[in-house]
Each structure stands twice: as structure tokens, then as C-alpha cells.
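The structure under discussion appears below in the form of C-alpha cells.
Values in this text are rule-based calculations from the coordinates and carry no lab data. Owing to the predicted nature of the structure, the values given are computational and were not obtained by experimental measurement. Because the Cβ atoms are built from the backbone with ideal geometry, glycine has one as well, and the counts that use them run over all protein chains shown.
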Amino acid sequence: MSERRKEIGTITRGSLTEGMEMRLAPYYSVEEIKAGKFVVVEGAQNDFFSMITDVRLDTTSQQILVHPPDRNDLLMRDILAGTSAYATVMLRPMLMMPRSEDGASGEALPVKTVPAHFSGVFDASEEDVNQIFGSEGDENGTYFYLGTPLDMDTPVCLNLDRFVERSNGIFGKTGTGKTFLTRLVLCGLVKQEKAVNFIFDMHSEYGWQATQEAGKGSFVKGLKQLFGSKIAIFTLDPESTRRRKVSADYEVEIFTDQITVEDIAPLQDELRLNPTALEAAYLVVAKYGKNWLEILITRGEEDIKGLAEELGAHPESLSALYRKLRRIADFKFVTMGRSSDDIVAKMMDYINRGMHIVLEFGRETSMLAYLLVASIITRRIHELYVRQTELYHASQNAADKPKHLVITIEEAHKFLNPQAAKQTIFGTIAREMRKYFVSLLIVDQRPSGIDAEVISQVGTRIVALLNDEKDIQSVLTGVSNSGGLRSVLASLDSKQQALVMGHAVPMPVVVRTRSYDEDFYAAMGTVSPQDADRKAIQDEKDLFG
């Protein structure tokens, strides 16, 4: 048993399904009790690792509320406080750990019972946190320090081995720091080499430097600055990339023969296409194969009726399809004709070498461009991964095993809404989990827009502040005894706090996320210019005395 900190209260009632109630110790201020706080209930045989979910003010007599002490009557207030007037704190036990006769703790187990009346409740100690969440620095690089519990300075770690086993999600309303949370997690995956990452960087925030949160005006380092040659930057807008003084590894050009109807289908909402227009698209494909898009959008509107007669398509549907798809031809990264260079094959070459890819969109920030490019590239990469996986299963040769790939997408509800999830490659990947060594890291401010089946497959959820009840209900889909977590989510600070729950942590926990600053850069292995100069001077002194 670890050495406990100050006792904060005593268990008075509760149940396995509804949680426990604790009477707050009279010497402990109720204002120090915060929803999401990590505490330990010390039972007779087990330690119960628990989360505070709610706080309530109670009295032993209604008369006290009818005739409360005068504001200036400090003596009477002190007499009543903690005795006749007290605070009740609701706890949700998340794990139980049996104790042996010598006081040593055993393996953490699911909660199957409750502590007895009058069991003591204690602030969690550093040893408790390490025992439950692991400690960064183990030889296998399993754990990554994400943040600290409320009112503690002890690291809470993600189990990265478990994290990459499934698709995961980072959620929170606009302005709560989802990008910084995502960047933290990506840094952990890169540093510990647990997976190769492919990041669809819609706003150029991950590859090179980005502006500091909350409009502070300063800049923070991107993945390329932190990890150098481990990161490859691909760009759809070379001019924008050069203007930001970033050197791209590859300039992306997409040819019309690389675009299929399956890539257009997820764009129905953005393009306002009806189902008959897509049926017309398949008729064009049947006639012209890979050249279908070029044939369609270069015909000219006056020729569309003739093409419709040739194909047996509805003229108005084909005309609508033509007008909508003309928008695609206006993108600077789209080129008519057959591709002379297979961009996805180039990307796969980088991935097979263990290099992480950040695809920058530059000024191409329309949702249409993002949906189109993400669909085209992800579909092709998934096809190649399926073939590689089948080869690996046939040969059973470790050299043929694909490197696990994590694809990061923002605005995930656009790809994974109930309609799109059934027909997009992202819905397929989310449902397959790790079968083909590809998983998703979905980043979104509207989780309620994501298909419930997909949300249920999300292994680990890192959730910043959400206000909308539908969004809160969505992120708690499939979470057992989620009632108490609702109030925890609603009470998070708007910055640098998140509820972490799911496959990569033993129990839900609210963390204050670690700062993305010079100390973090150093932890990732980056040396500041000042430290480099100091080290060079010291090395010279050591060498020459």
C-alpha cells in the first residue's frame, strides 16, 4: 500500500451501479474538491481508485436552511460547518486493487464490489498514479506522458502499444486546444516509434511552426522542427509552402485518372449531388474507364446532351454532374489526363521506410478540397495495405509485415456521418480496426455528427470541453456507467484540460495537459540554439582544459 496523503473524507453510502457518496472531512474546504479529481478509497481488503463526479451541500436539519446564521456571525458558521452543515461528494470507483497481508497492492481489477461504510478516502499519491497509469521511460517505450491529474504534478501516461491497436478520437469544441492535444499525441507516437503517421494537415499546423494557442502571437514548433528527417512534408500548394519558408519534400499533383466515383461519393453534401447524378457518373465510367472525369468536364456544357444520349443517361442528371464536378477542375493541384508519377506509390515508399508524412493544403483550405484529397489518397493507401497484409499472412515472414499506419483526419464528421460512414474508406477503416494495420486518429468538434457505430469502435477518447448535450452523449457512447462522466465533461476548463478514457488508459482520468514549450521540445530530443552553444563551449573546455 502506498503512503497516503491527507484523508479528505469518509464513505457514507453508495452502490456498485450508482457510485459512492463521501462525507467531506470538516477541515477540508469544499472549494478544493473538483469534478474529475483522482482519489483512492481505502477499503478493508482493496484500494478503490475513483473519480469525483459531483459535489453537493447537505445539512442534518432543514431548520438550518430556514434560519441560516447571519453573514457576520462567524462563530456560529464555524460551529455548524462540517457538522450540521457539510458537503457530500459523489465518487465513481473505476478500478480496485487487492492488498495482501503485508500491505502490498496486487493487480488492478474491474470494480466488482464496494468498500464498507466509513472507509477512508484519500488524495491519490504519486505512487498511486504511477501504479495505475505507468511511468514514462520504460525500456520498451510503452508509455507517453500526456498530462497530470488535477491538483497533482505526477505524470499520467498513455499506453501507446494499446493506443495504436484501435482507431482513436480527440474531441472538443472550437478553441479548446484540440490541435495541441493532437500534436502532443503525434509527438509521442513519433518519438516512441509505435506507428507511422499520415496527417492530413488542413491548416498547415503540424508540419512546420504554428501560432501559439489563444492568440498569444508567438509560434510553436511543428513535427518537422522537432524530429527532422523522420518527417516528410508533402504539399498541395508549393507556393504557399515556400512563402512560409518551408522546404517541402514533395509537391503533390493529382491527375484526373486517379479520381474515381468512390472518391466523389463522399462529396455529395459539399457538391449537393443527388443519387441520380452519381448513377450517371457510373455510366460514364462504364464507357470511358479511368478517363471518365476528363471526358466529362472537358466536353463542354453544349455537348452534355449528346453524351447523355450516347450513354443512355438522364440529360439533366448528367448536366448537374458536369456543373458540380467543374469545381474540381479548378483546383490548382488537379491536372487533366493520365498521371506520369504515382503520388501514392511515392507516399508508400516513405511510409515503408518508417517516415511520417504531413500533407499540407496551404491555401487549398476548402472543405471540398480536403474531402477529395483525403478520400483519394486514403483509399489508395488502404488498397496497398490490404495487399501487403495478405502477402504477410501468406508468407508469415516478419520482413513482409506492414508498418502500422495511423491516419489523422480533422473535421471527421464530414467523412464519418451516418450516411458517409457506410460508403467512405474512413468508415471501412474505423470498422476494421487493426485488421490491415491501418487505424484512424479522428479530430472533431462535433462528435454527434459521427455515426454511432464508428464512435463505438473508437478505442481511446481524449475529450476537451463540450457544451452540447448531443456531443457529450456521443463521446460517452459505449462507456459503462457514464452518468457521472457527463458532469465531469461539462465542468472541464476551456483550456488545457481533457478527460482521457478508453483502451489506452486503465481508467478515465481528467488531466491538465502538459505544456507544448521548450521543456517539451527538450523531452522530444530537440536542443535549443542557446543550449547547443552552451554545450559546444563546455565540450571545448572539456577537450582543451
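Mind listing the long-range amide H neighbours of Leu95? Cut-off is under 5 Å, sequence gap 5 or more, other chains count too, H placed in the peptide plane at 1.01 Å from N.
Phe49
Which FRET efficiency value, to the nearest 0.05, do you get for Thr113 and Arg77 by plugging their Cβ-Cβ distance into 1/(1 + (r/R0)^6) with R0 = 41 Å?
Step by step, r from the Cβ atoms, then E = 0.60.
Just to verify a number: FRET efficiency for Ala286 and Gln396, C-beta to C-beta distance, R0 = 56 Å, to 0.05?
With R0 = 56 Å, the Cβ-Cβ based efficiency is 0.90.
To the nearest 20 debye, what is the magnitude of the charge dipole of the chain about its Cα centre, counting +1 on the Cβ of each Lys and Arg and -1 on the Cβ of each Asp and Glu?
720
How would you rank 292-304, 460-472, 383-395, highest first, on the average number of other Cβ atoms within 10 Å across their residues?
460-472, 292-304, 383-395
Assuming a ≥ b ≥ c are the square roots of the Cα gyration tensor eigenvalues, decide whether the stretch 24-141 counts as rounded (a/c under 1.5), prolate (otherwise, with a/b larger than b/c) or oblate.
prolate
Given a Förster distance of 30 Å, report the FRET efficiency between Ser218 and Asp153 from their Cβ-Cβ distance, rounded to the nearest 0.05.
Working from the Cβ atoms, E equals 0.75.
Treating the beta-carbon of each Lys and Arg as +1 and of each Asp and Glu as -1, no other charges, what is the dipole magnitude of the stretch 7-133 about its Cα centre, to the nearest 20 debye?
Using Cβ point charges on Lys, Arg, Asp and Glu, the stretch 7-133 gives about 480 debye.
Check which residues have an amide H placed less than 5 Å from Leu441's amide H, if you skip close sequence neighbours.
Result for Leu441 returns Asn168, Ile407, Thr408, Ile409.
Compare the Cα positions of Phe122, Thr59, Pro98 along the charge dipole of the stretch 7-133 (+1 at Cβ of Lys, Arg; -1 at Cβ of Asp, Glu; about the Cα centre) and return the one farthest towards the positive end.
Looking along the dipole axis, the top candidate is Thr59.
Provide, for the stretch 256-335, the number of lysine pairs with alpha carbons under 19 Å apart, each pair being eight or more places apart or on different chains.
Counting lysine pairs in the stretch 256-335 gives 4.
Would you work out which of Gly9, Gln396, Val252 lies farthest towards the positive end of the dipole of the chain, given +1 charges on the beta-carbon of Lys and Arg and -1 on that of Asp and Glu, about the Cα centre?
Of Gly9, Gln396, Val252, it is Val252.
7 Å from Cα along Cα→Cβ at both Ser100 and Asp269: what's the point-to-point distance in nm?
5.5
From the phi of every residue in the stretch 374-391, what ³J(HN,Hα) in whole Hz does the Karplus formula 6.51 cos²θ - 1.76 cosθ + 1.60 yield, where θ is phi - 60° and glycine or proline is x?
For the stretch 374-391, the Karplus curve yields 4, 5, 4, 6, 5, 4, 5, 5, 4, 4, 5, 5, 4, 5, 5, 5, 5, 4 Hz.
Is there a quick way to get the dipole size of the stretch 278-407? I mean about its Cα centre, with the Cβ of Lys and Arg at +1 and of Asp and Glu at -1; what is the value in debye to the nearest 20?
Around 380 debye, computed over the stretch 278-407.
Report the one residue of Gly337, Ala369, Phe49 whose Cα lies farthest in the direction of the positive end of the charge dipole of the chain (charges on C-beta: Lys and Arg +1, Asp and Glu -1; origin at the Cα centre).
Gly337
From the phi angles alone, apply the Karplus equation (6.51, -1.76, 1.60; θ = phi - 60°) to the stretch 437-443 and give each ³J(HN,Hα) in whole Hz, x where the residue is Gly or Pro.
3J(HN,Hα) across the stretch 437-443, in whole Hz: 6, 10, 9, 10, 10, 9, 10.
Indicate, rounded to the nearest 5 percent, the antiparallel portion of the DSSP beta bridges found entirely in the chain.
Of all bridge pairs located within the chain, approximately 65 percent are antiparallel.
Calculated from DSSP H runs of 4 or more alone, at -39500 (n - 2.57) each and per residue, what is the 222 nm mean residue ellipticity of the chain, nearest 500?
Calculated from helices alone, the mean residue ellipticity at 222 nm is -10000 deg cm²/dmol.
Expected output is a single nm value to one decimal: the length gained when fully extending between Ser135 and Tyr27, i.e. 0.36 nm times separation in residues minus the C-alpha distance. What is it?
35.6 nm
Cα-Cα over 29 Å: which of Lys37/Lys173; Lys6/Lys194; Lys221/Lys422?
Lys6/Lys194; Lys221/Lys422
Considering only Cα-Cα distances, which of the following residue pairs are longer than 19 Å: Lys224/Lys245; Lys403/Lys435; Lys346/Lys414?
Too far apart for the 19 Å limit: Lys346/Lys414.
Tell me, what ³J(HN,Hα) does each residue in the stretch 113-125 have, in order and in whole Hz, if you take phi through Karplus 6.51 cos²θ - 1.76 cosθ + 1.60 with θ = phi - 60° and put x for Gly and Pro?
With coefficients 6.51, -1.76 and 1.60, one gets 8, 10, x, 6, 3, 6, 5, x, 10, 10, 4, 5, 9 Hz.
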